[in-house]
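A quick write-up on the structure given underneath.
The values are calculated or read from the model by the stated rules, or taken from the named source; none is laboratory data. Everything quoted here is computed from the prediction, not taken from an experiment. FYI the Cβ positions are ideal-geometry reconstructions off the backbone, even for glycines, and counts take in every protein chain you see. To get the accessible areas, we keep the full protein, side chains included, count just its heavy atoms, and leave off ligands, DNA and RNA. Shrake-Rupley method; radii C 1.70, N 1.55, O 1.52, S 1.80 Å.
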Amino acid sequence: MKILVINCGSSSLKYQLIDMENENVLAKGLCERIGIAGSKLTHKPAGKGEFVIEKEMPDHKVAVQLVLDALQDAEHGVIASKDDISAIGHRVLHAGTVYSDSIVVNEDVKRVIRECFPLGPLHNPANLIGIEACEHAMPGKPNVAVFDTAFGMSMPEKACMYAIPHEYYEKYGIRRYGFHGTSHKFVSGEAIKFAGLDPETAKVIVCHLGNGASISASIGGKCVDTSMGLTPLEGLIMGTRSGDVDPAVVQFICNHENISVDEMLDILNKKSGILGMTGISSDFRDVEKAKEEGNHLAEVALDAFRYRVIKYVGAYIAAMNGVDAIAFTAGVGENDADTRKEVCDSLTYAGVKIDEEANNVRGKATMISAPDSKVKVMLMPTNEELAIARETLALV
Ligand code: AMP
């Protein structure tokens, strides 16, 4: 069975076609600048070179059609007909409090995605457009919505409720939801298998450290806490996002700079994090280079990033009264041995002991804790597309 995985942004569409017999990626690609002049599709069939199609894509319907054409192309294609695609799995940001699992799309599901536009204004509209474009291009094929918020729905009330008047939860669903859920669920599941832990009871912390960064704590595969909140702004310091700040900072800067709350939120989302702290870049590699060259702000930003990871991991060890496994994933988590080492060196109180040689690795599932470490620590690459494909397969 072949499953097409779609991740739609407002002007982009990422895709992968996965053969579920062996979980091999047959082809993947990206449509950019949808609805903007100069759109292009970059299509990469497995084992062959990249193939770029520069063609106007006024909307996502046209983009989906171009993707299907590329997949069936005589030269660059990987399937004979779109009928070879059994189902489509879509990454969808927000399901509010309605869905705690993936679901086959019907009119009700689309209504919920639409009702959650205010909670995910940048992503949910694009996600729905992607679903409708696939319905149009492949009528009758099942579409499955895989929600980024689903994993966080098992958080107990003590972890997900904000200490603000309850009426805002009742009126607007203001609570902590958590994001990167597909990645946290996938990586925690793989970590349990990799470490040979009991899937019913294992206490696992996943550090998803990328441009967006979040940490989750789960017991027996169920999320009990996670660092992102109502939106993906809360929690860790990220590439451009501040993570936790005192809300009074917003009021102070708005008043003194004479800007609106919306403008301030834009600053916290897009101009803060390690970019804002250093003025150099949102890319961790650039900031690491600047630190090596003696830039003090770069050193502070990286220290602060790692310090906050250490604090969250410590909080989650306390919340779960222990931890069996800690998994590092995403761009920084999979590639940056220094960050992993510094975090682990601050967790010796919990019985974490890192094997420095094993830690000197990138991008592949590796146990990086010493054999006598009480806690299994590992590098576990995330694969959100495969996770979406597996969820889709399970439902169809
Ligand atoms: P992601 O959002 O998961 O794609 O992660 C992107 C981030 O990972 C970027 O900020 C990269 O700088 C960072 N990254 C990739 N490789 C490394 C590395 N070797 N050391 C530090 N950061 C890295």
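A few remarks follow.
- Per this entry, Ala290 is not counted among residues that are among the small types (Gly, Ala, Ser), more than 15 Å from the ligand (Cβ to nearest atom), open to solvent by less than 20 Å² (accessible area, probe 1.4 Å) and not in a loop (DSSP other than H, G, I, E, B).
- Checking Val361, Val313, Val300 one by one, the residue that is touching a residue at least 40 places away in the same chain (Cβ under 8 Å) and either farther than 25 Å from Gly273 by Cα or not in a loop (DSSP other than H, G, I, E, B) (or both) is Val313 and no other.
- Considered as a group, the residues in the stretch 302-324 that are hydrophobic (A, V, I, L, M, F, W, C) and within 12 Å of the ligand (Cβ to nearest atom) include one that is surrounded by the fewest Cβ atoms within 10 Å (Cβ to Cβ), and that residue is Leu302.
- The helices (runs of 4 or more DSSP H) found wholly in the stretch 141-239 and carrying at least 1 residues that are open to solvent by less than 10 Å² (accessible area, probe 1.4 Å) occupy 157-160, 181-195.
- Comparison of Ala95, Ala87, Ala63, Ala70 shows that the only residue that is open to solvent by less than 70 Å² (accessible area, probe 1.4 Å), part of a strand (DSSP E or B) and of a type in the set (Gly, Ala, Ser) is Ala87.
- Residue in the stretch 335-347 that is nearest to Ala217 (Cα to Cα), counting only those that are open to solvent by less than 30 Å² (accessible area, probe 1.4 Å) and within 11 Å of the ligand (Cβ to nearest atom): Arg340
- Some residue of the stretch 118-137 being open to solvent by less than 10 Å² (accessible area, probe 1.4 Å), within 22 Å of Val64 (Cα to Cα) and not in a helix (DSSP H, G or I): no
Yes or no, residue by residue, for (1) touching a residue at least 40 places away in the same chain (Cβ under 8 Å); (2) open to solvent by 10 Å² or more (accessible area, probe 1.4 Å); (3) not polar (S, T, N, Q):
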position	(1), (2), (3)
Leu4	yes, no, yes
Arg33	no, yes, yes
His43	no, no, yes
Met57	no, no, yes
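- Of the residues making up the stretch 367-396, just one is more than 18 Å from Ser183 (Cβ to Cβ) and within 16 Å of the ligand (Cβ to nearest atom), namely Ile368.
- Considering (1) closer than 20 Å to Thr149 by Cβ; (2) modelled with pLDDT of 95 or more; (3) in contact with a His (Cβ under 6 Å, 6 or more places away or on another chain), the lone condition that Lys110 does not fulfil carries the number (3).
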